[in-house]
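Structure first, commentary second.
Just so it is clear, none of the values below were taken in a lab; they were calculated from the coordinates. This structure is a prediction, so every number in the text was calculated from the model and none was measured. Reconstructed Cβ throughout: ideal geometry from the backbone, glycine too, with neighbour counts over all protein chains shown.
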Amino acid sequence: MDESALTRRRLLELAGIGLGVSALTACTGGIPPPDTSARMPTGTLTAPPVPAASAIRTSSGSFVSAFRPGIYTRWSLAAPELPPGGSQPDLPVAVFLHGLGGSHAVLLEDLAAHEPLQRHLDAGGTPFAIAAVDGGNTWWHRRADGSDTQSMLVKEFVPLLGSQGYDLGRIGLVGISMGGFGALLLASQGRLPGVRAVAAMSPAVWDHYDPREGAAFDGPADFAAHDVFALRPRLAAVPKRIDCGTGDDLAATVRAYRAGLPGDVEGGFGPGGHDSSYWRSVLPEVVSFLGFNFA
């Protein structure tokens, strides 16, 4: 096997390391809704001070999705919990997209995202929630087998969060590997009008179609319809952060993708590979980036 084939196969292997709408209303128990009792009065120019969060609460649940036929879709969430008597405005929410072979559990188990979120709050950062949902190995776009996890996010999961009081006018997208690709794709396609920022850690991106990409695309036409390189101009007005380890086999294509993005791009390259250890190392900065853009 030639070197390019080995590299392509290695990229696909690395992409997974570390990792009906009517049914929704019957399965939403457990999402902790923000306390929206304290609203800013009409005409007020400055928001009242928000009490410091004392802890992060986590929760999980499930629903049956019309876009994932026959599959039990699970979710998890981390959100600030205020002291007794405290109040808060509607919280923004960051939606996390996992990598190949992962699930919603990656957010709180592999990455322990509640810990950097707690430190962000302790430092006085803007309060927000982080939510994750199962996406299977679909690469977060419509596939030939009928699954469509991007539509599940847009039409089911995000509205589910909104029905519980989370602010859908302030949404963040964040993902790792396959999920990094999915976050960049969704932000580029503009299907969620409330997106304030997008962050991708080690996104699995390619600049051309190759059959050796395997399960990522159903063929050349599918690649062309979801070509994040071609969609880069659509991110001109979106705050963006992209990180990748220098020891990651995806580093070269990530570097090429970043180089062609319009406007400023936060993040960069540092020591690390394509694994949870690297992602945990940059997650605190990603959380701060999201919080800044939610303010």
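Structure summary
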item: The range 247-295 - convex hull of alpha carbons, volume per residue in Å³; result: 78
item: Positive minus negative residues near His98 (Lys, Arg vs Asp, Glu; Cβ under 12 Å); result: -2
item: Separation in nanometres of the label points that stand 7 Å from Cα toward Cβ, at Ala237 and Gln189; result: 2.0
item: Ratio of Rg to Rh over the range 87-185 (Cα coordinates, Kirkwood Rh, two decimals); result: 0.99
item: Per-residue HN-Hα couplings for the range 210-222 [Karplus 6.51, -1.76, 1.60; θ = phi - 60°; Hz; x = Gly/Pro]; result: 9, x, 6, 6, x, 6, 5, 9, 7, x, x, 5, 5
item: Gly268 long-range amide H proximity, modeled H, under 5 Å; result: Ile242, Asp243, Cys244
item: Packing-based ranking, highest mean first, of 264-271, 239-246, 203-210 given that Cβ atoms within 10 Å are counted; result: 239-246, 203-210, 264-271
item: Gain on full stretching of the segment that runs from Ser60 to Glu115 - 0.36 nm per residue minus C-alpha separation; result: 18.1 nm
